[in-house]
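> My structure is below; once you've seen it, I'll send some questions.
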Amino acid sequence: MVERALEGVRVVEFTDETGAYCGKLLADLGADVIKVEPPGGGRQRNAGPFVTGHDGEPNASLAFWVHNTSKKSVVLDIEDASDRAKAKQLALSADIVIEDNPVGFLAARGLGYAQLHAEKPSLVYTSVTGFGQTGPHANWAYSDIVGQATSGIMTLAGEMADPPNMIYGHQADISASIHAAQGSMIALLHAEETGQGQQVDVSAQEACSMSQETAMQSWDFQKKNRVRTGELGAIPLRLPGAGTLKAKDGYVLLFIIAPAGEDLPALVDWMREEGMQEDLDEDPYREIIAAMNMGFLTQLMGDPSRAAQIIGHLPHINDVIGRFFESKTAKEAYEEGQHRRLLIGIVSKPADLAENTQLRSRNWYITFPNPVGDSPVEFPGPPYRLSESPATVQRPPRLGEHTAAVLSAL
Amino acid sequence: MTKRPLEGLRVGDFSWFGAGPIAGNTLAQFGAEVIRVESEAKLDGLRRGHPFAMNPDGTFKEGYNVSGYFNNYNCGKLSLQLNLNVEKGQEIAYRLIEKCDIFLTNFTPRVVEKWNLTYKQLSRVNPRLIAAYAPMQGMEGPHRDFLGFGAVLTPVTGLSEMSGFPNRPPFGIGTNYPDYVVNPGHTVTAMLAALRYRKRTGKGQCIELPQLESVVNTLGTAVPERLVNGTNPTRNGNRSISAAPHGAFRCADDPESVGSNDRWVVIACRTDAEWQAATKALGHADAASDPKFATFAARKANEDDLEALIGNWTAGLKAEDAAATLQTAGVPAGVVQNAQDMLDRDPHMKARGYYRYVNHPEAGREAHDGPAAVLSETPGDVPGPSPLLGEHTMDVCERIIGLNMDEIADLLADGVLV
């Protein structure tokens, strides 16, 4: 029997959208994670999308499922004195408490860090909120898009003509939860060694801000704000072998002119094999294609008259390449292109991911019983593979499923 | 000074670019001794990547040590220059790994094999080793050798399809987003779990983080909707299925902001109460009772009109004022901040002191991301500047690996320590 990495660790969480993924990571690694939920469930339980045919049911929210696998659920109304006492007793049975409530909310109910730490000095108490526990905005209302905006990543995504783009998937919540998982684990290791617990304070704004990439240093060094550059990127010119192209049933991303893998002539070889190279074997196209890589582009930038000549020919080359990819499915273009060592990515739709050759061949998707149905469902597996103490993904709990069992064992 | 919590932990950081080095960076921030193994023979591209520090005359500084992109992800590490393309370099790598608790790489399986750094080989050298591999697709499987980096990972993992406005092609999210938090953060989480396991059992292990799996795991409900419901959802801009309004709204130009014609406030109303509060705060309380917008269902049905209306309200407001006014009324709102806001204008970021400034011997004073998990008793920090290429080669060879000066001289002469 393989021991789990976090076996013997009890986590009690008072989380909804922001901190739930932290608890999931710990639960999948083997911690006993007990989620304390209000009667009726929180925001996530009541947000869609739901399992088809189960609209509005708190046990059927896929938004809840994805961030709450492998946990137990205990329903307690912490506005009620007797339930509040049980919640406190439960929290004091934990090695780690995770919470994502407005600052001061749990403290006002006797469940804050200071109160619990006073009674259990070894406790790790992790707060995952929009803006952290201190500072002038600590009490600001938060929702994922607010974290993405205020962290500096939204301004980098999208077209200048459009509003800045949010990244799908509650990424500010995810970033906060991932940092919270790291911080909680560091604090847990310390507590297990020394008996000293502590508070772990994570701000979603800060957690997400490292994803500004080079924008932070551009301001620091150069006092320039990096802006979003949309479809064409930093060089506002459509280049052969680069960019997002239409396929028969979707899109692919080409980055053939990057230094990795084969260069553009290998793409034309492929097109020729299928009789679709048109006139790209003729000059001036042949010559441009043979030279087209990042080094060539850098040279061109220093030679405007040569650049002007070449730029005039690019739309035709792009059109011919475009026709080739439109004749293929995105998956054909991706897999065959990659086998030819051409840097091509499929723009995966959810259906493509569900069928992805690599994920399927490595049995990444797992199966668990459907909390609201009879037949098992498939679900994404864990983010990592540990050879000795693997993470496993078990079904999310039904609301209050473990209330009686957990409370009676206290 | 308090002891930092990971002091005593030694990490052999054989990674490059973003996702690997950031994992090592986090460990260094919490006190681990992180040895970045690198070589001019296969130089980390970030050492040559913009943005570079500047000279007082406005020109860029030059060389391998002045990239802010690189420096931000390698704070306080030691740099050992070691050529892994030669057998002697691999022998030295083994002698280093013998002395490490953690090994980290994000090189492709092909390079890992060429350098003889597979888990099978390393665990023979050091059975207690926790060895983390973070390739794009996995160490095994039919796509393990597919080419890629962040720019390609973003479309392949579904982030491009699911993000942005539906009238635009799925061109991505502007950055190599998964490299910065999702992949390194998952890697460190797994390492810490493996450390706990080792403390209890004495056993090391292999961690594999296929970046594809790591990112798809965070892709919201998109894939479960396919697996459970059989649907194939796509991007829907800034809108939400459980909040309206939910988006970014243009505000007035701000002459103090560089790029001043690009000021926006985001607003998210998850309940009718938040919507009513928002209308009142922005001075248009009458809109709350307009039947077109009174209920969540009505706001979703008239979302184009709703967004145009709010855009009219915010157009004349300073973004910071709009956000503060809405926040005073309890409505989730915030400025779409740029880097200038993050570093110099946001009073909250300043008060919390997230960014740390260190003096780098070549780049000068530079900003670093601080630890995003703030621990009250054993806090992390930015432990120092990032290393110059090969700055600690002698120190690591002598003090950690235990080579004597003659051996080091031979290795230098043989082109191993380059």
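> Note the full-extension length gain between B:Ser376 and B:Glu40 as 0.36 nm times their separation in residues minus their Cα-Cα distance, in nm to one decimal.
116.9 nm
> Tell me, what HN-Hα J-couplings in whole Hz come from the Karplus equation 6.51 cos²θ - 1.76 cosθ + 1.60 at θ = phi - 60° for each residue of the stretch A:157-163, using x for Gly and Pro?
10, x, 8, 4, 6, 9, x
> Additional query: So what J values fall out for the stretch A:258-273 if you push phi through Karplus, 6.51 cos²θ - 1.76 cosθ + 1.60 with θ = phi - 60°, rounded to Hz, Gly and Pro as x?
In residue order, the calculated couplings are 5, x, 6, x, 7, 8, 3, x, 5, 5, 5, 4, 4, 4, 5, 4 Hz.
> Let me ask something additional. For the stretch B:338-372 and the stretch B:180-239, compute the distance between their C-alpha centroids and round to whole Å.
A separation of 29 Å, based on Cα centres.
> Can you pull the three principal axis extents for the Cα set of the stretch B:209-268, in Å, largest first?
Taking max minus min along each principal axis of the Cα atoms, the stretch B:209-268 gives 49, 31, 15 Å.
> Kindly identify the stretch B:326-418 as rounded, prolate or oblate by the Cα gyration tensor criterion: order the square roots of the eigenvalues as a ≥ b ≥ c, call it rounded if a/c is under 1.5, otherwise compare a/b with b/c, prolate if a/b is larger, else oblate.
The shape class here is prolate.
> Once you have the Cα-Cα distance between A:Glu7 and A:Ala291, take 0.36 nm times their residue separation minus that, and quote the gain in nm to one decimal.
96.5 nm
> If r is the Cβ-Cβ distance from B:Lys280 to A:Phe105 and R0 is 25 Å, what FRET efficiency results, to the nearest 0.05?
0.60
> Rounded, prolate or oblate: which fits chain B, taking a ≥ b ≥ c as square roots of the Cα gyration tensor eigenvalues, rounded meaning a/c under 1.5, else prolate when a/b beats b/c?
Note, shape of chain B comes out prolate.
> Next question. Hey, can you grab everything whose amide H is under 5 Å from the amide H of B:Gln205? Only 5+ residues off in sequence or another chain; H modelled, so Pro and N-termini drop out.
Amide H neighbours of B:Gln205: B:Ile130, B:Ala131.
> Still on this structure, please answer the following. For A:Lys331, give me every one of the lysines with a C-alpha distance below 28 angstrom, ignoring sequence neighbours fewer than eight places off in its own chain.
Result set, ordered by chain and number: A:Lys246, A:Lys248, A:Lys349.
> A follow-up question, please. Residue by residue, what Karplus-based ³J(HN,Hα) values in Hz, rounded to whole numbers, does the stretch B:223-230 have, using 6.51, -1.76 and 1.60 with θ = phi - 60° and x for Gly and Pro?
Result, ordered by residue: 6, x, 4, 6, 5, 8, 9, x Hz.
> Would you mind checking the tilt of helix B:19-29 against the longest principal axis of the Cα atoms of chain B, expressed as 0 to 90 degrees and rounded to 10?
Compared with the principal axis, the helix lies near 80 degrees.
> Sticking with this one: How high is the relative contact order of chain A, given as a whole-number percent (alpha carbon pairs under 8 Å, six or more residues apart)?
19
> Per residue of A:252-264, what is the mean number of Cβ atoms on other protein chains within 10 angstrom of that residue's Cβ?
Whole-number average of other-chain Cβ neighbours for A:252-264 is 3.
> Quickly estimate the mean residue ellipticity at 222 nm for chain B, helices only: each DSSP H run with n ≥ 4 gives -39500 (n - 2.57), and the total goes over all residues, rounded to 500.
It lands at -9000 deg cm²/dmol.
> Next question, about the same structure. Please report how far the C-alpha centroid of the stretch A:45-101 lies from that of the stretch A:155-178, rounded to the nearest whole angstrom.
Cα centroid to Cα centroid, the span is 26 Å.
> What is the local net charge at B:Phe107, summed over the other residues whose Cβ is closer than 10 Å to its Cβ (Lys, Arg +1; Asp, Glu -1)?
Net charge around B:Phe107: +2.
> Write down the percent of antiparallel bridges among all DSSP beta bridges whose residues are both part of the protein assembly as shown, to the nearest 5.
45
> Which lysines does B:Lys280 reach when only Cα atoms under 25 Å apart count, and residues fewer than 8 places away in its own chain are ignored?
In chain and number order, the partners are B:Lys292, B:Lys300, B:Lys318.
> Among DSSP beta bridges whose residues both lie in chain A, state the antiparallel percentage, nearest 5.
35
> How many angstrom separate the Cα center of the stretch A:1-41 from the Cα center of the stretch B:54-108?
That distance is 37 Å.
> For the protein assembly as shown, what does the alpha-carbon gyration tensor say about shape, rounded, prolate or oblate, given a ≥ b ≥ c as the root eigenvalues, a/c under 1.5 as rounded, and a/b over b/c as prolate?
rounded
> Another question about this same structure. When the helices in chain A are scored as -39500 (n - 2.57) per DSSP H run of 4 or longer and the sum is shared across all residues, what 222 nm value do you end up with, to the nearest 500 deg cm²/dmol?
My calculation for chain A gives -10500 deg cm²/dmol from helical runs alone.
> Right, something else. May I ask you to list the GluC sites (Glu not before Pro) in the stretch B:269-367 that are in a DSSP loop and have at most 12 other Cβ atoms within 10 Å of their Cβ?
When the GluC sites (Glu not before Pro) of the stretch B:269-367 are filtered for loop state and at most 12 Cβ neighbours within 10 Å, nothing remains.
> Here's a follow-up. Which FRET efficiency value, to the nearest 0.05, is calculated for A:Leu407 and B:Met394 with the Förster distance at 56 angstrom and r the Cβ-Cβ distance?
Using R0 = 56 Å, I get an efficiency of 0.35.
> Quick check: net charge around B:Ala297, other residues with Cβ under 12 Å of its Cβ, Lys/Arg +1 and Asp/Glu -1?
So the environment of B:Ala297 carries a net charge of +1.
> Would you mind telling me which residue in A:Leu353, A:Leu399, A:Leu123 has the biggest mean-square fluctuation in a Gaussian network model of chain A, where springs connect alpha carbons within a distance under 10 angstrom?
A:Leu353
> Choose one answer from B:Leu326, B:Leu389, B:Leu96: the residue with the largest mean-square fluctuation in a GNM of chain B with alpha-carbon springs under 10 Å.
Ranking B:Leu326, B:Leu389, B:Leu96 by mean-square fluctuation puts B:Leu326 first.
> Using R₀ = 30 Å, calculate the FRET efficiency as 1/(1 + (r/R₀)^6) where r is the Cβ-Cβ separation of A:Leu237 and B:Glu140; round to 0.05.
The calculated FRET efficiency here is 0.15.
> Same structure, new question: Quote the relative contact order of the stretch B:243-373 in percent (integer), defining contacts as alpha-carbon pairs under 8 Å separated by 6+ residues.
Result for the stretch B:243-373 is 26 percent.
> Further question: Taking 8 Å as the Cα distance limit and 6 or more residues as the minimum spacing, I'd like the relative contact order of the stretch B:152-269 as a percentage.
Once normalised by length, the contact order is 24 percent.
> Length gain on complete extension for the stretch A:Lys120 to A:Glu332, per 0.36 nm per residue less the alpha carbon to alpha carbon distance?
Extending this stretch completely gives an extra 70.5 nm.
Read-outs: derived from the displayed coordinates by stated rules, not from any lab. Just so it is clear, the structure is predicted and the values come from calculations on it, not from any experiment. Note that we place each Cβ from the backbone using ideal geometry, even for glycine, and neighbour counts take in every protein chain shown.
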